[in-house]
1. If each residue of separation counts as 0.36 nm, what is the full-extension length gain between residue 318 and residue 184 once their alpha-carbon separation is subtracted?
2. Per DSSP helix of 4 or more residues, -39500 (n - 2.57); summed, then divided by the residues of the chain. What does that give at 222 nm, rounded to the nearest 500?
3. Treating the angle as unsigned and between 0 and 90°, give the value, to the nearest 10°, between the Cα long axis of helix 106-130 and the longest Cα principal axis of the chain.
4. Can you work out the FRET efficiency for the pair residue 480 and residue 137, with r the C-beta to C-beta distance and R0 = 51 Å, to the nearest 0.05?
5. Using only the alpha-carbon atoms of segment 36-183, report the extent along each of the three principal axes, biggest first, to the nearest angstrom.
6. With only alpha-carbon atoms in the gyration tensor, what are the semi-axes of the equivalent ellipsoid for segment 104-176, in Å, largest first?
7. Go ahead and run the numbers for FRET between residue 345 and residue 101, Cβ-Cβ distance against an R0 of 25 Å, rounding to 0.05.
8. Starting from the Cα-Cα distance between residue 251 and residue 279, subtract it from 0.36 nm times their residue separation and give me the gain in nm to one decimal.
């Protein structure tokens, strides 16, 4: 696809000026575009807002596809129209309407815009530094390595933005600080976009490993990060992106799991959490889903996994009662509610009588919110070993993970088959990784051929962009389009 990406660059590289009318919150601390290049302090200030822009505007924004992804993955369920939750999870699954008039086009249009806005800002900072600007010593740590810190952090955000785009869309533009002329770029398929994200994160690692700096606690709200901890974060996202980028089980099996394992082994050893102060930092997606239990409920599929006697989907408005399970997390993470607020005329398959109550954070209760559980890396390691046919290592890791520590489930035998181990890992991911990170349940269901037939597997480039560029609008989804590449031809339904 040859393009002159004019529309893409209509979005200013300064975070605060990018589509503020669509934001749930506004960060008033970002400088204006006139100041971004003027002096080291301005560049430092913009760098300090990079993670805020990436996290709040893409990971936690209710104008992203994340809420619809929850329902398309049958992790959460809702009959309400907000953010495409009902529309894209209706049954049978519909074709996505990729037109500017589509009521929910904003969820994948806004996400596209915001990732490129943040990416452009990171690129601008890197160009300024490559042009000779020295940041000096502005931060509080006094190491004098603020130039390295800003550069490494900008590559980190460059990698996260490209990674988001590669996971979410079938294709995207790879624009970095090294792109000679963005207007001459063509789109790349998702796997190449993810590879570019990993390359950016590797640059972050290279600079950080040769640095000595401390990222201030207001950059990633609530905690300082050393250069070594930034390295661990970069490796963690490299592992996550590589795992999540597969579009089907065939691609999952063909993935280099030894490479993924090498990334995961260098990743975080404690949970990566961000403090939601409920002033500038708010978790909007969580607020509009599981915090407000009248908006989104836990899909019956999840409760059925923990209690096989519980129905895997509901066919009428009757409450099946309280589920029971050997898994302690059914009681600790999920709460039964004997009423359901959804409309029956929209389909009983939306119904659920369970809410998700593990996370203490609410809009009235500031707290840390999980972005990346360290246990996710343990499950990635276990899956890597299992897919490389080392069941001994896989079960050792799995038995020491959340399965035992929180679930209190019996250990798997080292003689377990590969199928048994993989089933246990995917079960853990379904139960344990709720709401941590963007689209995790959707990407897991996609890469294992479990999305319902006809479900959109990735989003097309938004029609608003295509129309400006004079490129034919295209779309995915609908059972008649099920190809196992862009539209699911699989399904998780139990055998009848």
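1. Working: separation 134, 0.36 × 134 = 48.24 nm, distance 5.83 nm.
Between residue 318 and residue 184, full extension yields an extra 42.4 nm.
2. On the way: 18 runs with 195 residues, N = 496.
Roughly -12000 deg cm²/dmol at 222 nm, from the helical runs in the chain.
3. It works out to around 30 degrees.
4. Details: r = 62 Å, r/R0 = 1.21.
Efficiency for this residue pair is about 0.25.
5. 58, 35, 21
6. Details: eigenvalues 177, 27, 19 Å².
They are 30, 12, 10 Å, listed from largest to smallest.
7. 0.50
8. Details: separation 28, 0.36 × 28 = 10.08 nm, distance 4.20 nm.
Full extension of this stretch gives 5.9 nm more.
We did not get these values from a lab; they are worked out from the coordinates using the rules stated. Not measured: the values here are computed from a predicted model. Neighbour counts run over all protein chains shown; Cβ positions are idealised from the backbone, glycine included.
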